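Let me begin by presenting the structure, written as structure tokens, before commenting on it.
The values are calculated or read from the model by the stated rules, or taken from the named source; none is laboratory data. These numbers come from a predicted model, not from an experiment. We place every Cβ from the backbone using ideal geometry, glycine too, and count neighbours over all the protein chains shown.
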Amino acid sequence: MCGLAAIFAHHADAKPVDAAELQRIRDHMTARGPDGAGQWLAPSGRVGLAHRRLSILDLSEAGAQPMTSADGRLTIVFNGEIYNFQALRHQLELAGAVFRSHGDTEVVLELYARHGVEGLSRLRGMFAIALWDHARHGLLLARDGYGIKPLYYADQGGCVRAASQVKALLAGGAIDTTADPAGHVGFLLWGHVPEPHTLYRHIRAVAPGGWMWWGEDGNHTQGRFFDVARTIASAPADAGIDLGAALADSVRHHLIADVPVGVFLSAGLDSTTIAALAAQAMPSERLKTITLAFDELAGTDGDEAPLAEQVAAHYGADHATCRIPAGDFAAARGQILADMDQPSIDGVNVWFVARAAHQRGLKVALSGLGGDEIFAGYDSFRQLPRLVERLRVFGWAPVLGRGFRAVSAPWLSRFTSPKWAGLLEYGTNLSDAYLLRRGLFMPWELPRVMDPEMARTGWRDLQPRLALAETIQGIHDPRLAISALESAFYMRNQLLRDADWAGMAHSLEIRVPLVDTVLLSQVVGLVKAGKPASKLDMATCARPALPDAVLARRKTGFFVPIAQWMGQPHLRGWARRIQHDVSGKWTPE
């Protein structure tokens, strides 16, 4: 896991690469890669690549980056892990490739040399890539299918810049920081900034499962090699999938490392199943597990520590519980906001547990993130279809829904959630109902909580209702449609991004075995074959079996008492405080 940076002056009139700017971008990401730093400039002065290294595979200098292929044709900087690199390496060796290192970076180089962008679909893992092709005189940017690893770019003045963090690009000092209204609207609407937007008009995210190419001849092309929603829509039915084997296979791949790997352990089904499968996959090692707990929840049903400790003992893990008092949050708040690459109402829990993992000497930890999205664990999977079924008739008269909302919103918001006012307008189809459920501030509230003109412009540019509807187009099973929505919006833009910035703030690589492109196709195949797997089905795949207390525990979600710590009644107040700290555009209610 690392941080990458790239600058390419692709237009003839653009200034050559400023090596000092490239270094500023790179070294803003020192926490992402404290084990080493590298920088490469082409003789032409038109392109430069830089890298910060967190050594996890091939700890020797042979694994350092930027890395150039043996024939000198390709130079790469790479962030992430390729979990099937050993199988790919074997295939490439059979085809005549000779390797000088033992990690995954050189495998990516060789795969591209032989297959070009078509080879990207063969990579199983999380990755962001910037690759300079000397023969074709062009720069390739690419990102893994789920978008687990971030990659941002800005193309201004005939020069494209790319990096693993938005704040790193800003640290270079050469990018126009004009605000993107869609990014600001998106944050207040969702509690995160939805891709491809950022808070800045000129900085965008590379699409998950996407690639972009810039050539010296001015040629700029892009494409997709993987799309979560389209994979859900097109995956074939397969009743023969062995769920236990599929889960064990994913966990086994995610354990590949040349350093110890730990597990974030809560009392929930996702992380306990991951811990069980990890312990089973590494019988000769004692698994390290870490649980986060909060003083405010001690002795209540929300305290996950006692049950997590029981699970750790059940599997013989080397366990640690990290308790966080309110004063710890107050002391760390400034650093948390500084580490937060884009504003988010979540991620504080990950920041603290990642800090605890780092203090235990870990560089890699597995997380149960993604279980709810793939195994229908959220209430949205049950509530939204029922809501739409009951309110579908109002979809034939949209003016009625808009009228009810306009009349009821002012007085309903005084004593209950403002979402109730939008039921007849947004509750008539799955995509709109999803916005209603996941929304933080409602669309009609935006002009009141931010600059009205920015709200109107941002809503127009963001087009959230259209984006949601297009995501589930062609997906007729409600469970799969909601899985696509949760994966492509909440999980990608909130949970995965939070795991990245909060983990990397402590030089910790967070791996997510339940967010895996191969596993996705397998679980979808079961659903389409009439054998939908639930969270409990997933949990019963643990060997030895999970304790009965875990299997019988009511789902509560992982609760972090941020609102109490902030003296706010709900997360909306926390969101507006974050907006103020990040952009100075907060207005008190």
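Assorted remarks:
- Region 109-137 - residue that is over 21 Å from the mean Cα position of the chain (by Cα) and not in a helix (DSSP H, G or I) and, of those, nearest to GLY209 (Cα to Cα): LEU131
- Condition met for ALA19 (in contact (Cβ under 8 Å) with a residue 40 or more places away in the chain and of a type in the set (A, V, I, L, M, F, W, C)): no
- Search result, residues across region 475-493 that are β-branched (Val, Ile, Thr) and surrounded by fewer than 24 Cβ atoms within 10 Å (Cβ to Cβ): ILE475
- Residue check for ARG554: part of a loop (DSSP other than H, G, I, E, B), within 20 Å of ALA245 (Cβ to Cβ) and more than 23 Å from the chain's Cα centre (by Cα): no
- Those residues of region 51-108 which are outside any loop (DSSP other than H, G, I, E, B) and basic (Lys, Arg), in sequence order: ARG52, ARG53, ARG89
- Residue match in region 264-271 (condition: part of a strand (DSSP E or B) and under 25 Å from VAL515 (Cβ atoms)): yes
- In region 313-344, residue surrounded by the most Cβ atoms within 10 Å (Cβ to Cβ) [restricted to those that are within 21 Å of the chain's Cα centre (by Cα) and of a type in the set (A, V, I, L, M)]: MET340
- Residues being surrounded by fewer than 24 Cβ atoms within 10 Å (Cβ to Cβ) and part of a loop (DSSP other than H, G, I, E, B) - total across region 151-164: 2
- Flag if LEU140 is within 24 Å of the chain's Cα centre (by Cα), closer than 28 Å to PRO16 by Cα, crowded, with 23+ Cβ neighbours inside 10 Å and assigned by TED's automatic domain parsing to the domain that holds TRP214: no
- Boolean, PRO181 is free of Cβ contacts under 8 Å to residues at least 12 places away in the same chain and more than 28 Å from ARG73 (Cβ to Cβ): no
- Residue selected from region 494-519 under the condition over 10 Å from the mean Cα position of the chain (by Cα) and small (Gly, Ala, Ser), by the criterion surrounded by the most Cβ atoms within 10 Å (Cβ to Cβ): GLY503
- Residues located in region 170-186, provided they are outside any helix (DSSP H, G or I), of a type in the set (A, V, I, L, M) and within 27 Å of LEU446 (Cα to Cα): ALA179
- Output for region 12-44, where each listed residue is within 21 Å of GLY503 (Cα to Cα) and not in a strand (DSSP E or B): ILE25, ARG26, ASP27, HIS28, MET29, THR30, ALA31, ARG32, GLY33, ASP35
- The set of residues from region 429-457 being of a type outside the set (D, E, K, R), over 26 Å from ILE482 (Cβ atoms) and either in contact with a helix residue (DSSP H, G or I) (Cβ under 7 Å, 6 or more places away or on another chain) or in a loop (DSSP other than H, G, I, E, B) (or both) comprises PRO447, VAL449, MET450, MET454, ALA455, THR457.
- Any hit, region 166-176, residues being over 30 Å from ILE345 (Cβ atoms) and surrounded by fewer than 22 Cβ atoms within 10 Å (Cβ to Cβ): yes
- Neighbours by Cβ (under 8 Å, 6+ apart or cross-chain): first from region 352-368, in contact (Cβ under 8 Å) with a residue 60 or more places away in the chain and part of a strand (DSSP E or B); second among the charged types (D, E, K, R) and crowded, with 21+ Cβ neighbours inside 10 Å: VAL364/GLU509; VAL364/ARG511; ALA365/GLU509; ALA365/ARG511; LEU366/ARG511
- Residue within region 394-417 that is among the small types (Gly, Ala, Ser) and surrounded by 22 or more Cβ atoms within 10 Å (Cβ to Cβ) present: no
- Condition check for LEU189: surrounded by fewer than 24 Cβ atoms within 10 Å (Cβ to Cβ) and in a helix (DSSP H, G or I): no
- Once region 32-54 is narrowed to residues that are within 26 Å of the chain's Cα centre (by Cα) and buried (at least 20 other Cβ atoms within 10 Å of the Cβ), the residue that is nearest to LEU131 (Cα to Cα) is LEU49.
- Filtered residue count, region 72-99, keeping only those that are in contact with a helix residue (DSSP H, G or I) (Cβ under 6 Å, 6 or more places away or on another chain) and touching a residue at least 12 places away in the same chain (Cβ under 8 Å): 9
- Test: residue in region 419-434 that is over 24 Å from PRO194 (Cβ atoms), surrounded by fewer than 19 Cβ atoms within 10 Å (Cβ to Cβ) and either of a type in the set (Lys, Arg) or modelled with pLDDT of 95 or more (or both): no
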